[in-house]
1. Could you order the peptides 146-157, 175-186, 221-232 from most to least packed, using the average number of other C-beta atoms within 10 Å per residue?
2. Return the ratio Rg/(2.2 N^0.38 Å) for region 261-332, where Rg is computed over Cα atoms only.
3. For region 6-135, what is the accessible area per residue in Å², given a 1.4 Å probe and the full set of protein chains?
4. For region 31-97, report the translational diffusion coefficient in µm²/s to the nearest whole number, using Stokes-Einstein at 10 °C, 1.306 mPa s, and a Kirkwood Rh over Cα pairs.
5. So what is the relative contact order of region 160-247, in percent, for Cα pairs below 8 Å that sit 6 or more residues apart?
6. So what's the Cα pair-distance distribution over region 182-273, bin width 10 Å, in %?
7. Using only DSSP helix segments of four residues or longer, with each worth -39500 (n - 2.57), what per-residue ellipticity at 222 nm results for the chain after dividing by its residue count and rounding to 500?
8. In whole angstrom, note down how far apart the Cα centers of region 148-177 and region 51-123 are.
Amino acid sequence: MKRIAALLCLFAFASVPLWLRDPYLLNALITTGIFIIGAMSLNLLLGFTGQLSLGHIAFFGIGAYVSSLTALGFDVNLFGDFHIVHVPWPPIVGFVLAIVISGFCGYLVGRLSFRVRGAYFVIVTISFAEVVRLVALNWVELTQGPLALTNIPPIAIGLPGVGELLLRTKLQNYYLVLAVAAISYLLIARLVHSHFGRAMRGLMENETLAVAVGIDVTRTLTLAAVISAGIAGAAGSLYAHYIRIIDPEVFAFINTVTMVIMVITGGKGSLAGPVVGGMIFGLLPVFLRPIMAPEAQWIAYGGVLIVILFVLPRGIVPSLAQRFAKRPSRAETVTPVAPAFSKRDAKEPA
C-alpha cells in the first residue's frame, strides 16, 4: 500500500508541469524540491539516529562550491610556491564530485564528533558549518568570496545518438530535481529497512542495549553521516547549477533551520515527513508574499509552525497515520445485538 501511494505521489509530481504554466510557481517548486532533498538527508540523521545536526547546511554548501568550481575551473597558489590549475570539467562530473567530497567531509565530521552526544554534537556541527562559511568568504582567490561565483554552467547529460542535453529550462530542471529526489527517497527507504537501518533505530531508542547486542556505535553513526552528507551535497550541486550563482550566503544558518522545520513538522523518522513538511514550508512564503508585508509573513510562518506542532505534536505524517490506525473499522463499530429474552429462560422468583 505504501509503495502504491509513493508511486501515485511520484506520478502526481511528474504531471505538475503539464498543467502548471506559471514560471514563478515552477521556479518555487524547483527550489523547494532541492531543499526537500536536503531535508531528507537531514532526516536520515535526526529521524533515524536521533542526532541533531545544526550545521547540515555545510554539506549542502560544499556540494554547491565543489560542483561549481569543477565546472568553472580555477587557478590558485598554495603556500606561495605550490600552484594548482584546474581546467573546466563537464558539470555532471562536478555533480558526482560534490557527492563524493561532501560524503568525505561527512566522514571526517562523523569520526570526530560522534565521540560526543547531545548538545556537544550540535555545537561541533555548528562550528564546522561556520568554519566552512569563513573559508568560502575569505579564500577570495578560489571562491571569489562575497563577489560570488557566477556564470555557473547548467548540468549537461550525454544521450547516446543525440549528444549532450543542456538542462537550461525550468521544465528540464524540474524533472532533474524530481529524479534526484526520487532516487534519494528510494535510497533512504532501502537503507532504513535494511539491517543497517534497524541498527540506526536501535541506537536511537536504546544505545546501551544496542551496544550490548554488538552494534558498533561510531561505525553506524559515521556511515549514516556519510550518506546524509552525500545526499546534501547532491542537493547543493543542483542548487548551484540551477541558480547559476553561488556565494557564502548559501551557508546561512537560516537554511539549516528551514531544513529542520521541514523535518520536524512533516514528521521525523518517517520517509514522507520531509516531503510533506518541505512542500508546506517551501511554498508557504510564496503564497504569503503577495498578500503580506515581510514582517507579517514571518509572523504567519511562525504561527503555522506552532499550530501544526500543537495539533500534531509528532509531525504531520506520523500523527495522521496514528489517528487513522486507531480509527475503528466499520465492523467494529456495529453494536452487537443481544439475543431475545424468552419467557422460557425466565426464572420465577421463589
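1. Order by mean packing, descending: 221-232, 175-186, 146-157.
2. Expressed relative to 2.2 N^0.38 Å, the Cα Rg reads 1.32.
3. 46 Å²
4. 113 µm²/s
5. 24 percent
6. 13, 38, 33, 13, 3
7. That comes out to -22000 deg cm²/dmol.
8. First find each Cα centre; the distance between them is then 22 Å.
The values are calculated or read from the model by the stated rules, or taken from the named source; none is laboratory data. Keep in mind the model is a prediction, meaning the values are calculated, not measured. Note that we place each Cβ from the backbone using ideal geometry, even for glycine, and neighbour counts take in every protein chain shown. Calculation scope for accessible area: heavy atoms of the full protein, side chains included, ligands and nucleic acids excluded. Shrake-Rupley method; radii C 1.70, N 1.55, O 1.52, S 1.80 Å.
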